[in-house]
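Undergrad: Shown below is the structure under consideration.
The values are calculated or read from the model by the stated rules, or taken from the named source; none is laboratory data. This is a predicted model, so every value here is computed, not measured. In case anyone asks, the SASA skips ligands and DNA or RNA and just uses the protein heavy atoms, side chains included. Shrake-Rupley method; radii C 1.70, N 1.55, O 1.52, S 1.80 Å.
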Amino acid sequence: IDTWWYGYPYFPISALPLIIPRLLYGNAFAENIQLNMLLLRQFISVLPMIVSIILLIYIVDEFKSPWLSIGMYVMLSLVPGVVRYNTRFWHPDSIIVLLVLLTFFFLKRDRLRYGTDLFLAAFMIGLATAIKVWGLFFFLAIGGYLLAGVLEKKISAKRMIGLGLLFILVMVGSFLITSPSILIPWNFRTYIDLMQDYYPTMRFGYDEPD
């Protein structure tokens with residue numbers, strides 16, 4: 001945890017594609033660097049990005065217009081940042097984008113019913129927070145979503161508070177289940193120190209030409 005920014009869940013997720021060369025080459029699989037990196041890029045970067053784009057189109061259009069959906073897919077796939085990311089990196093950002101879009105998907109499917117889909121959204125936010133702290137930026141959106149239920153007379157103010165606390169509980173539970181090492185006091189202190197060191201970068205971005 002003290003040498004990696006991207007959280008514990010990113011390790012087992014990234015290990016899954018490497019099962020293939022491990023089965024093929026045994027203990028010598030680590031020597032096949034080119035194959036390993038190809039698999040990591042395709043399954044950790046490219047595939048989640050493709051699924052994210054398809055999911056985004058469904059959230060917006062629900063595939064009601066095939067030609068519009070195809071046009072959106074082509075346009076989003078050719079966004080320079082997407083093309084550059086998919087051709088260059090083994091990186092968690094497409095997984096994070098997918099988790100964010102899954103959060104929107106479950107919130108949309110919930111439609112102010114405040115049922116299972118709401119807590120599936122909480123689980124996705126917890127995962128996004130465990131890998132990269134993006135999940136924490138949802139606090140206003142979730143607060144607004146709960147407040148909308150009160151304004152629309154779907155829930156009472158008392159139930160809104162209860163749902164909010166349960167949402168936080170599920171989110172924290174998701175974080176802890178997928179990041180068990182954080183329960184070790186030394187690791188927790190290291191994690192907090194890393195986040196404090198990384199805060200200026202999260203706030204102002206990387207001081208790099210691109």
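Undergrad: Identify, from the list Arg22, Arg41, the residue that is at pLDDT 90 or above, of a type in the set (D, E, K, R) and open to solvent by 90 Å² or more (accessible area, probe 1.4 Å).
TA: Testing whether each residue is at pLDDT 90 or above, of a type in the set (D, E, K, R) and open to solvent by 90 Å² or more (accessible area, probe 1.4 Å) leaves just Arg22.
Undergrad: Tally the residues that are assigned to a helix (DSSP H, G or I), open to solvent by less than 20 Å² (accessible area, probe 1.4 Å) and of a type in the set (Ser, Thr, Tyr), restricting the search to segment 110-127.
TA: Result for segment 110-127: 0.
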